[in-house]
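To start, the structure itself, in structure tokens.
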Amino acid sequence: MILAHPDRVAHRDRDARSCKTKTVSRVTQNTVGETSGGRFIRCKPLVLGLLLPLWLASASAVEIGNKVFASVPNLDTPPKIDGQIEEKEWQAATLCQNFLRAADGLPAQEPTSLWLAHDQSHLYIALRLKEFALDPGSNMTPMFQANCRKRNDSSFWKDDFVEFRLAPAGGSTVYYFAVNALGTVFETGDVTGKSDNGWVAQAQVAARKAVGFWEVEIALPFAAMGAAPTGKWNFSCVRFECRLDEKSSWAYLKDGNHMDDSQSGVIGFESAGAAVQEQVFNSAEFAKQQLPCAVWLAAPAELTWQCELRQGKKNQVAQGKIAGQAGLNKFFMTPPASAATGKTICQYAFSGVNGMF
């Protein structure tokens with residue numbers, strides 16, 4: 001499958017960061033296979049993993065083949081698309097955090113939270129995007145860009161925005177959908193490298209700016225993509241932030257190329273009733289061997305977790321169980337002890353509800 005951007009020239013200019021004149025140099029990748037901070041390739045099915053220095057670990061998704069994977073749960077009641085993320089509406093959704101910078105695979109300076117859920121008619125997406133420039137006390141408000149109000153206009157690329165690429169299971173088209181803080185969209189279909197700007201997602205979109213962040217809610221109809229919530233889809237979510245000249249991604253971009261479909265993640269619709277919700281944690285918690293986790297369950301169930309740590313050729317495994325209750329279950333996972341320095345591979349998986357998720 002070939003994925004090309006709907007406006008290649010304009011987007012390359014945006015990668016040169018047309019919203020700022022500052023030039024940002026890339027960090028040279030000197031790690032064999034991947035850069036520190038990135039999720040790593042693991043063939044074990046449905047396992048979450050990443051390659052990390054000891055100040056970062058992530059818990060939102062699982063690895064399937066060589067791609068980061070997230071299970072998208074079914075919602076009995078769809079969220080209201082009004083641009084205000086309400087906890088009760090999204091509590092049963094999968095939550096992905098700890099976006100990684102495309103330049104070097106390290107944690108993004110401006111955090112992004114991504115919620116995913118579905119029903120039989122729509123894929124539901126919500127994002128909360130922290131932004132220091134939106135805090136009046138920062139005196140940097142003009143550096144946040146939200147100006148384009150016209151669909152598929154070339155000025156869109158000068159704004160702060162977030163983009164998605166979706167390739168339904170069994171299809172040959174990659175659908176591109178992007179939105180800024182005004183709720184303006186850029187949307188196109190792409191078949192074997194040829195863009196179709198006539199494609200319309202027919203999505204419900206609502207966005208708003210608030211103090212220190214902006215957020216957006218999206219209801220994307222499956223019918224517009226000629227698809228259904230089945231199988232596994234290629235999926236990517238990339239944020240473009242003007243103030244810091246920062247591009248960050250849910251899936252680790254090995255060479256920083258957000259237009260390369262082979263570096264996208266995968267979402268699946270098989271696991272209704274259970275959702276892993278990523279918790280942000282840091283080196284201090286990692287050093288204390290206390291990794292915060294959260295799992296949302298539709299009904300009580302016993303969950304088994306397994307955590308593997310690898311440093312060089314040395315593998316260590318820890319396991320445990322929790323008695324999960326209906327709703328959100330927050331708990332701590334105890335990983336094996338690690339060396340004080342060096343890169344570590346940390347991966348873990350849960351089982352107990354509809355198999356592994």
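The values are calculated or read from the model by the stated rules, or taken from the named source; none is laboratory data. Owing to the predicted nature of the structure, the values given are computational and were not obtained by experimental measurement. FYI the Cβ positions are ideal-geometry reconstructions off the backbone, even for glycines, and counts take in every protein chain you see.
Among the numbered criteria (1) assigned to a strand (DSSP E or B); (2) in contact with a Cys (Cβ under 6 Å, 6 or more places away or on another chain), which one does residue 156 miss?
Checking residue 156 against (1) assigned to a strand (DSSP E or B); (2) in contact with a Cys (Cβ under 6 Å, 6 or more places away or on another chain), the one that fails is (1).
Got a number for residues in the stretch 300-355 being surrounded by fewer than 18 Cβ atoms within 10 Å (Cβ to Cβ), at pLDDT below 60 and within 21 Å of residue 96 (Cβ to Cβ)?
2
Can you name every residue in the stretch 73-112 that is part of a strand (DSSP E or B) and within 13 Å of residue 215 (Cβ to Cβ)?
Hit for the stretch 73-112 is 112, nothing else.
Given (1) under 21 Å from residue 159 (Cα atoms); (2) of a type in the set (Gly, Ala, Ser); (3) buried (at least 17 other Cβ atoms within 10 Å of the Cβ), where does residue 224 come up short, assuming only one miss?
(1)
Suppose we keep only residues that are farther than 16 Å from residue 239 by Cβ and in contact with a Ser or Thr (Cβ under 9 Å, 6 or more places away or on another chain) within the stretch 149-165. Which one would you say is surrounded by the most Cβ atoms within 10 Å (Cβ to Cβ)?
That would be 152.
Is it the case that some residue within the stretch 186-199 is part of a strand (DSSP E or B), in contact with a strand residue (DSSP E or B) (Cβ under 8 Å, 6 or more places away or on another chain) and closer than 21 Å to residue 135 by Cα?
There is no residue in the stretch 186-199 that is part of a strand (DSSP E or B), in contact with a strand residue (DSSP E or B) (Cβ under 8 Å, 6 or more places away or on another chain) and closer than 21 Å to residue 135 by Cα.
Starting from residues that are aliphatic (A, V, I, L, M) and touching a helix residue (DSSP H, G or I) at 6+ places or on another chain (Cβ under 6 Å), keep the ones in the stretch 227-273 and report whichever is nearest to residue 296 (Cα to Cα).
Once the filter is applied, the top-ranked residue is 228.
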